Amino acid sequence: MGGAGGSGGASTGGGGSGAGPVALHCFNGTKDGNETDVDCGGSCARCDDGLACSVPSDCASRRCQGGSCVPASCGNGVLDGDETDIDCGGGSATTGSNPACPPCTETRVCAVGADCASLSCINNRCMNPTCSDGVKNGQETDIDCGGTCGACDPGAACLVGGDCKEQVCVNDVCLVASCNDGVKNGFETDIDCGNICGKKCPPGQRCSANGDCSTNRCQQFLCACPTDMVIAPVVGGGATCIDAYEVIQSEYNIFLQANPNIAGLPAICAGNIYQPSAGWPPADGRHPVTYVDWCDAYAYCKYAGKHLCGKIGGGSNPPSAYADATQSEWFNACTGQGVNAYPYGNTYLPNQCVGADSALAGQLQLKRIPPAPLPPAPTCIGNAVGLQQMSGNAAEWEDSCNASGQCRVRGGSSLSGAAALRCDASEFRDALDNSDGLVGFRCCL
């Protein structure tokens, strides 16, 4: 109802002309003054639908047809109702009988951002979305960021990791960088490793200093393996380093001459004497060191700053996981991430590696280092660039022992047949057995 003594024909909107205070006659319940109906039209409030009018501005709908106010519409091709431009704008809620029309497209007239599809109204014109207009529009996930705009700060809304500066979007919110979020962000040199993260980066991943790498060696911004080791990619990502060749006598002799006091060896190695049981001193330092037991192999690798090949990620490989490329460092490198039966493929080739069926059966291949003459180029290469003699030549101790004090020997020797030369072949021997001139080892990192 109207005010003092007024009737109910007027819209609650302002006067028809929109100028100055409303005259007292607009509330007396009588059609007088310049009103077109009782207390509405002219200089009074706009009239509701069905009441008399002279011009569109007399009506709340801004439509005067045949002397009467008629309802506004969002599809009639005229500017009426609460529209800011023809058939658009005016907000998302109805006002009286005026419908809520869709927002206006670019360049149309607007009063506020809500009148525009882009939510951007500048100088009463709807503007194209930009990444600097101070509103969330276009393909943005938050104000002026995400989607096709720049990445959002932590705490902003997102749909995918790419919307966020730190590449992490959880429950539609950008998160701060962390060292366990599965992406390279923050100050990391690679995914969740290096720099301020406690975890060192494995071989092949990015680095900026030696300290970023598990190998403590950063070359050309990539973590590298030490000299004479090769990178062995790991199933699911990452890599390990493995000696390119079995440890040779000249390398082992340096260990013996150093007479190191190695702490932290397994209890089974207490009192062990590390000199090979035969074939010593070496006649040719390029010969694989043999006549060594498991403790000799374990101690040498520890002295060298490496470890006897065991479980990927560290520690002993469980005896049951000897043929699991996701766990065994040795098996992963030999098979090329579990793909091949032999280092060179799935078909046995008698002369590819030195075994019982090769022309060099019973012999041990020397490492190709000076002095001259150099040994013949080895053919037993495969699955990791530069990795040699994983099948045949000298069998190799692995850090994988059972409860009976026996440890695994891998790869077969120069007297082994096809089955024993497979990457998944193995046998257990007493950890202190150093009686075999065809058993050696190599180290991992």
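The values are calculated or read from the model by the stated rules, or taken from the named source; none is laboratory data. Remember, it's a predicted structure, so these values are computed and weren't measured experimentally. Don't worry about glycine lacking a Cβ; one is built from the backbone with ideal geometry, like all the others, and counts go over all protein chains shown.
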Qualifying residue in region 344-360 (condition: buried (at least 17 other Cβ atoms within 10 Å of the Cβ) and either in contact with a Phe, Trp or Tyr (Cβ under 6 Å, 6 or more places away or on another chain) or of a type in the set (Lys, Arg) (or both)): yes
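Please enumerate the residues belonging to region 157-206 that are among the basic types (Lys, Arg) and either touching a residue at least 40 places away in the same chain (Cβ under 8 Å) or over 13 Å from residue 223 (Cβ atoms) (or both).
Matches in region 157-206: 165, 184.
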Test: residue in region 171-188 that is more than 16 Å from the chain's Cα centre (by Cα) and modelled with pLDDT under 95: no
Residue ID - surrounded by the most Cβ atoms within 10 Å (Cβ to Cβ), chosen from residues in region 156-194 that are part of a loop (DSSP other than H, G, I, E, B) and among the small types (Gly, Ala, Ser): 194
Test: residue in region 261-280 that is closer than 17 Å to residue 314 by Cα, touching a helix residue (DSSP H, G or I) at 6+ places or on another chain (Cβ under 8 Å) and of a type in the set (A, V, I, L, M, F, W, C): yes
Selection within region 299-334 - crowded, with 24+ Cβ neighbours inside 10 Å and not in a loop (DSSP other than H, G, I, E, B): 300, 301, 308, 328, 329, 330, 331, 332, 333, 334
Every residue from region 127-148 that is outside any loop (DSSP other than H, G, I, E, B) and either acidic (Asp, Glu) or in contact with a Ser or Thr (Cβ under 6 Å, 6 or more places away or on another chain) (or both): 142
